[in-house]
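All remarks here apply to the structure that follows.
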Amino acid sequence: MNKRNILKLVSVLALSMGLSATVLAADTPATLKGASLVSAAEVKTLLGKGVPVIDTRVAAEYAEKTILGAKSVPYKEKSAKDVNFDASQDAFDLSKLPTDKAAPVVFFCNAGSCWKSYKASVAAMKAGYTKVQWFRGGMPEWVTAGLPTQ
């Protein structure tokens, strides 16, 4: 059986079980209401201005490679990878964020199907942060742009 036939079979099985394509491809939305979507170049500029950049990935990923100057504040998720996630199932230490809720802050993770920075951005906005910057492209975009890591 070739790859094309396998993909067709998986699609048919998923549809017959009532699963939608969005369940199979749990990518984050392209936008997040209330947050500004930023690019790698914009994050670099923000970092240069002293804006905190928060790596929401697990500690091991942060230790392996992160954006130069980023701070580790892991978002521990158990909730669904969905815009209607239940934050009560997750853990995120808001006390590790800047105390000035009117100052800008950037959140990132591994992009695409990584929901940690999306959820951290939502949590920060719910906690009263008003200048949330979401770096949806995360580490993959940063590395591809050849920007400094630590």
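List the residue pairs whose Cβ atoms are under 6 Å apart, where the first residue sits in segment 128-145 and is more than 16 Å from PRO98 (Cβ to Cβ) and in contact (Cβ under 8 Å) with a residue 40 or more places away in the chain, the second is polar (S, T, N, Q) and surrounded by fewer than 24 Cβ atoms within 10 Å (Cβ to Cβ), and the two are 6 or more positions apart or on different chains.
MET139/ASN110
On the basis of being of a type outside the set (Asp, Glu) and outside any helix (DSSP H, G or I), does LYS119 make the cut?
Spelling it out, it is not the case that LYS119 is of a type outside the set (Asp, Glu) and outside any helix (DSSP H, G or I).
Which is touching a strand residue (DSSP E or B) at 6+ places or on another chain (Cβ under 9 Å), surrounded by fewer than 21 Cβ atoms within 10 Å (Cβ to Cβ), more than 19 Å from ALA40 (Cβ to Cβ) and among the hydrophobic types (A, V, I, L, M, F, W, C), of ALA102, ALA111, ALA91, ALA124? Let's see the steps before the verdict.
Values: ALA102 fails: touching a strand residue (DSSP E or B) at 6+ places or on another chain (Cβ under 9 Å); ALA111 fails: more than 19 Å from ALA40 (Cβ to Cβ); ALA124 fails: surrounded by fewer than 21 Cβ atoms within 10 Å (Cβ to Cβ).
From the options ALA102, ALA111, ALA91, ALA124, the qualifying one is ALA91.
Does ALA103 qualify as being over 14 Å from the mean Cα position of the chain (by Cα) and not in a strand (DSSP E or B)?
Working: over 14 Å from the mean Cα position of the chain (by Cα): yes; not in a strand (DSSP E or B): yes.
Judged against the criteria, ALA103 is a match.
Cβ-Cβ under 6 Å, sequence separation 6+ or interchain: first residue in segment 44-60 and under 12 Å from LYS116 (Cβ atoms) and assigned by TED's automatic domain parsing to the domain that holds ASP100, partner of a type in the set (Ser, Thr, Tyr) and part of a helix (DSSP H, G or I). Which pairs?
From segment 44-60, the pairs are ASP55/TYR62; THR56/SER117.
Select, from VAL83, VAL143, the only residue that is outside any strand (DSSP E or B), over 25 Å from GLY48 (Cβ atoms) and within 17 Å of the chain's Cα centre (by Cα).
Values: VAL143 fails: over 25 Å from GLY48 (Cβ atoms).
It is VAL83.
Can you confirm whether GLY34 is surrounded by 11 or more Cβ atoms within 10 Å (Cβ to Cβ), modelled with pLDDT of 95 or more and outside any strand (DSSP E or B)? It would help to see each step written out before you state the result.
On the way: surrounded by 11 or more Cβ atoms within 10 Å (Cβ to Cβ): yes; modelled with pLDDT of 95 or more: yes; outside any strand (DSSP E or B): yes.
Yes, satisfied.
Being more than 16 Å from the chain's Cα centre (by Cα) and surrounded by 17 or more Cβ atoms within 10 Å (Cβ to Cβ), is that true of even one residue in segment 61-74?
No, the conditions are met nowhere in segment 61-74.
The values are calculated or read from the model by the stated rules, or taken from the named source; none is laboratory data. Computed from a predicted structure; not experimentally measured. Counting neighbours? That spans all protein chains shown, and the Cβs are built from the backbone with ideal geometry, glycine included.
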